[in-house]
There are 2 protein chains.
Amino acid sequence: MGEDRRSFWGWGLESKALDGARKNNLKAMVSMQLGRIETAEIVPPKIEEIELRKPRIAPPESLKTIFDSSPFERAGHSYGKSFRDVVRGLARNFSNPPDLVAFPRSEADISQVMDWCGSKNYALMIYGGGSTVAAGVEPPAGNWPGCVSLDLRYLDKILEIDSRSRAARIQGGIYGPALEAGLKESGLTLRHFPQSFEFSTLGGWIATRSGGHFATNRTHIEDFVESVRMITPAGAVESRRLPASGAGPQVERFVAGSEGTLGVITEAWVRLQERPRYRAGTSIKFPDYSEAVAAVRDLAQSDLFPTNCRLLDPTEAMVSGTAIGKDAILLVAFESADHSPEAAMKRALDICRAHGGKFPDDAATVRSGGDREGAAGNWRRTFLEGPYLRDALACLGMVIETFETAVTWDKFDAFHAGILEAVRGALGKVCGKGIVSCRFTHAYPDGVAPYYTVIGPGRAGSQLSQWNEIKAAASEAILRFGGTITHHHSVGRDHRPWYDRERPELFAKALLAAKQAVDPKGILNPGVLVG
Amino acid sequence: MGEDRRSFWGWGLESKALDGARKNNLKAMVSMQLGRIETAEIVPPKIEEIELRKPRIAPPESLKTIFDSSPFERAGHSYGKSFRDVVRGLARNFSNPPDLVAFPRSEADISQVMDWCGSKNYALMIYGGGSTVAAGVEPPAGNWPGCVSLDLRYLDKILEIDSRSRAARIQGGIYGPALEAGLKESGLTLRHFPQSFEFSTLGGWIATRSGGHFATNRTHIEDFVESVRMITPAGAVESRRLPASGAGPQVERFVAGSEGTLGVITEAWVRLQERPRYRAGTSIKFPDYSEAVAAVRDLAQSDLFPTNCRLLDPTEAMVSGTAIGKDAILLVAFESADHSPEAAMKRALDICRAHGGKFPDDAATVRSGGDREGAAGNWRRTFLEGPYLRDALACLGMVIETFETAVTWDKFDAFHAGILEAVRGALGKVCGKGIVSCRFTHAYPDGVAPYYTVIGPGRAGSQLSQWNEIKAAASEAILRFGGTITHHHSVGRDHRPWYDRERPELFAKALLAAKQAVDPKGILNPGVLVG
């Protein structure tokens, strides 16, 4: 086993999974919060232990070189990376693997795979980077004669950089770190850092309307897409590179969010920024959560456009190690490549002070260049380590769910109370106890995107049914209190029941008709989003 | 004739058309630029002169009260407000009027009109406010047994204001001034001021992806749409009110730009702002146009987000009365309800100075409250009077075209040169001489939206064929040099040939399939956008 091999059952690299010592620390921490852990620790599977159904299909001779039917790849492409996926992996349950994994190296490869699957009526799952937490990539249940998973990791090139317009043409299969590394020399950056950054792709971000780095103003990836190129079973769709247009419904906005049901995003021109030269940032303590919420609303409506405006409720602040106590913590930061954000930061601090926020005397200090430091930096590292931690918690037998949504400000108070009540109720019922925490990931003039983390003790063998109940309770409450079933995690299959209720019925019909125009045999991602 | 009656052949109110004295001034001004005007002045038509085809259809008894078949309304709903429309009106050519004009007062009225038209196979043109300059509202040619025009002026209510989220639920048929007046008491404003502001509707803005007041950052109307409600022949589509979502392709972005081909936008929740309390603005002279362009690019990439960033080329500056000479004029302004934009304005002036821009010593002065003044104010008044002036020029026998586009910065220099060459070539050929001027309406980090105005002397009876050649030359050049066929004027029928080439073919197929799902009989706006 190579040091840097991807985990076939959990997040990221095998080498970065928590080791024994860190797991013990985690266990001690969790025990402090939730009491003694009763269940035995689950030992992660080795690939040799996994019994996979034999491939039902064989690749055509002409395409043989791009297919892999090894147990490691087939098991690794059986699931995405949700809690449910990890628990099934830990249970050695890989009952519906793809028969083959395709690693195309060109659009021609993709078209040929589509043609072949279409001619044989095989389901084709667009795996992208495979980081979905909404069951977006697993083979469909039902009577498919075969299923192929399409891994796009080799479409990983930056093809062109236009420094004058600050944009680049980039292949859809590139991972976050390679994308940023490839831009570095030009002084440009996409600055799109979802939690999946290290193992998700540009095409996947676009296909799922990924939410990014910026807490305010333009932040969803589609705000940064100039044009797309998508391969569908019916041919290529390529839009014209434009800063804006008013010509009909926007092509890019139709592709964005299509979750692999219309085609494979092989390329996009994306809008970039210069790397920031000035930074100001601080963390602000609020003894009163509702005042902190009001401060975020005022900041979001101020048009100051802070880069970060992340409110951690007291539980979240404690769990993330940002603070200990009953304070809510608001991380506020500004960054700019052009000008000192001092005036903006000072005004933001005035707003926070008016709501009872407390911050250091030097909070408005602007730093030039250099890397992020302090509370924000700690938070960031924890952020990217989160999924490894989640896997370790799953091994400890815990039940963990994270879900996110967005809701307008007028509804937030009732919404938040309703979510907490519903989720705590479900936690109490299925786990006996547990923790629910909330942070704001993005703030808009008209609303906010809260992100909830739920942790409860699991019972051996029941982690999934416990999770199901919590997930359903949370999703029901989201719909009932006026939120959206996903702000940036995508719909996949997990959110389908609630998405179908959120989505206008006639829009579903229109979308299905559009899909049939480009995927007439319905082979792409069956069960995801439509159909 | 009432003082405030709408013109049935030209822009706006009859009472506001240029009177004799102002027309003479205009004539003198034009003669100064283009030499003596050879053609006789065209006298605008009176409705009594117009011979209209008899209505081919009669409304059903149950709907009688919402229909109007008077010559005034039928003639007035025969065309939109483009130069081509005005010239046809001046020529007393109303050869294909709608048979009936419907003035629904409710969604139920709209559904009933749709049902009736569907059952009889009558074309239903969604007139909205009728301000299209792209032939978006005229009855289709071809063998339709009947045609109804749907005027939405009575769907003009503000239904709900949510001050906390700064949003309002507003009916689709409301005109700009009524919308702003209705919001005023709440201290909120949509601040969407297209040139058609006085005679266009919220629903029309959304249906055409109208470009608005803000020169940078969020400015297209769809950036401000939280949710929509649309009546289609297959039923209602209503999206959930949300600040953002990642759940599938965005419903609102599918409706935005649909130009009445999918349904009638009866309501929308739109995002509002507080009325600005602080303003800073100035006009900056640039002796060198390409330096001025570079300054706009730097401003657009600075993330300072000026509210106004409108570059007038020397011709445009002269024609609009903003300046006399060879300088390009850049209008830069900031406004805010929250904070003094002094730091931003100073930085913007630094950027302009670095490109050779000259401005008054007090250019960075921030004013509190009050109305806009100075060069920007003059420019604004001229802006809203523009269409009346255009009509007067048409009466003087001139050929006038305005077209707008957007293009990425890397292409701008070649694009602009190419447009000027193509349009001047066509002007020379068909008019002998003429003027082409350019202003930037919107600036983006990755490109710019240039707006061109073309004026040439017409020949009696040939204004339309001359216009056609100029329009075609401009549109061809736009496509050839990498622009979009429309940044904010919509596609309608006039831009169809070039839109069809700009739009990916498979997207056209998908769009048509989606249309058929909601408008199975294809009665809505035939010939516009799709089908």
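The values are calculated or read from the model by the stated rules, or taken from the named source; none is laboratory data. Nothing here was measured: the structure is a model prediction, and the numbers come from that model. Cβ: placed from backbone, ideal geometry, glycine included. Neighbour counts: every protein chain shown. To get the accessible areas, we keep the full protein, side chains included, count just its heavy atoms, and leave off ligands, DNA and RNA. Shrake-Rupley method; radii C 1.70, N 1.55, O 1.52, S 1.80 Å.
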Checklist entry - Are any residues in region B:249-271 facing chain A (nearest Cβ under 9 Å), of a type outside the set (S, T, N, Q), under 19 Å from the mean Cα position of the chain (by Cα) and within 22 Å of B:L150 (Cα to Cα), and if so, which ones? => result B:V255, B:A256, B:G257, B:E259
Checklist outcome for this item: Inside region B:440-473, the number of residues satisfying the requirement of being open to solvent by 30 Å² or more (accessible area, probe 1.4 Å), assigned to a helix (DSSP H, G or I) and either hydrophobic (A, V, I, L, M, F, W, C) or within 14 Å of chain A (Cβ to nearest Cβ) (or both) is 2
Checklist outcome for this item: Considering residues that are open to solvent by 20 Å² or more (accessible area, probe 1.4 Å), farther than 19 Å from B:M125 by Cβ and at the interface with chain A (Cβ under 7 Å from one of its Cβ atoms), the number found within region B:199-216 is 0
Next on the checklist: Can you find a residue that is open to solvent by 30 Å² or more (accessible area, probe 1.4 Å), without any contact (Cβ under 8 Å) to a residue 40 or more places away in the chain and facing chain A (nearest Cβ under 7 Å) anywhere in region B:506-521?
Outcome noted: yes
Next on the checklist: One residue is enough: does region A:70-85 have a residue meeting the conditions under 22 Å from the mean Cα position of the chain (by Cα) and basic (K, R)?
Outcome noted: yes
Checklist entry - Quick one: is A:S149 of a type in the set (S, T, N, Q) and closer than 19 Å to A:V101 by Cβ? => result yes
Next on the checklist: What's the number of the only condition in (1) within 14 Å of chain A (Cβ to nearest Cβ); (2) in contact with a strand residue (DSSP E or B) (Cβ under 6 Å, 6 or more places away or on another chain) that B:T405 fails to meet?
Outcome noted: (2)
Checklist entry - Can you tell which of B:N96, B:N143 is part of a loop (DSSP other than H, G, I, E, B), open to solvent by 30 Å² or more (accessible area, probe 1.4 Å) and at pLDDT 95 or above? => result B:N96
Checklist outcome for this item: When restricted to B:A333, B:A363, the only residue open to solvent by less than 30 Å² (accessible area, probe 1.4 Å), part of a strand (DSSP E or B) and farther than 26 Å from B:L420 by Cα is B:A333
Checklist entry - Within region A:228-288, which strands (runs of 3 or more DSSP E) (wholly inside it) include 2 or more residues that are at pLDDT 95 or above, of a type outside the set (D, E) and surrounded by 24 or more Cβ atoms within 10 Å (Cβ to Cβ)? => result A:264-271, A:278-286
Next on the checklist: Please determine whether any residue of region A:343-352 is over 18 Å from A:A215 (Cα atoms) and assigned to a loop (DSSP other than H, G, I, E, B).
Outcome noted: no
Checklist outcome for this item: Taking first residues from region B:297-318 that are at positive phi and second residues anywhere that are outside any helix (DSSP H, G or I), the pairs with Cβ under 7 Å that are 6 or more apart or on different chains are B:D303/A:S336; B:D303/A:D338; B:F305/B:T216; B:F305/B:N217
Checklist entry - Quick one: how many residues across region A:99-109 are assigned to a loop (DSSP other than H, G, I, E, B), buried (at least 22 other Cβ atoms within 10 Å of the Cβ) and over 24 Å from the mean Cα position of the chain (by Cα)? => result 1
Checklist entry - If you go through region B:366-390 one residue at a time, how many are open to solvent by 50 Å² or more (accessible area, probe 1.4 Å), under 30 Å from B:S7 (Cβ atoms) and at pLDDT 70 or above? => result 5
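Suppose we filter B:P194, B:P243 for residues that are within 8 Å of chain A (Cβ to nearest Cβ) and either among the polar types (S, T, N, Q) or at negative phi (or both); which single one remains?
Values: B:P194 fails: within 8 Å of chain A (Cβ to nearest Cβ).
On inspection, the qualifying residue turns out to be B:P243.
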Item to check | Checklist (1) crowded, with 19+ Cβ neighbours inside 10 Å; (2) in a loop (DSSP other than H, G, I, E, B) applied to B:G89, failing item | outcome: (2)
Next on the checklist: Restricting to region A:110-140, give me the number of residues that are part of a strand (DSSP E or B) and aromatic (F, W, Y).
Outcome noted: 1
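Considering only residues that are open to solvent by 10 Å² or more (accessible area, probe 1.4 Å) and assigned to a loop (DSSP other than H, G, I, E, B), look in region B:483-497 and name the one that is nearest to the other protein chains (Cβ to nearest Cβ).
B:H488
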Item to check | Yes/no for A:S437 being surrounded by fewer than 22 Cβ atoms within 10 Å (Cβ to Cβ) and modelled with pLDDT of 95 or more | outcome: yes
Item to check | Search result, residues across region B:384-412 that are in contact with a helix residue (DSSP H, G or I) (Cβ under 9 Å, 6 or more places away or on another chain), within 24 Å of B:T307 (Cα to Cα) and in a helix (DSSP H, G or I) | outcome: B:L384, B:E385, B:P387, B:W409, B:F412
Checklist entry - Looking at (1) open to solvent by 30 Å² or more (accessible area, probe 1.4 Å); (2) over 30 Å from B:V528 (Cα atoms); (3) touching a strand residue (DSSP E or B) at 6+ places or on another chain (Cβ under 6 Å), which is the only condition A:D298 fails? => result (3)
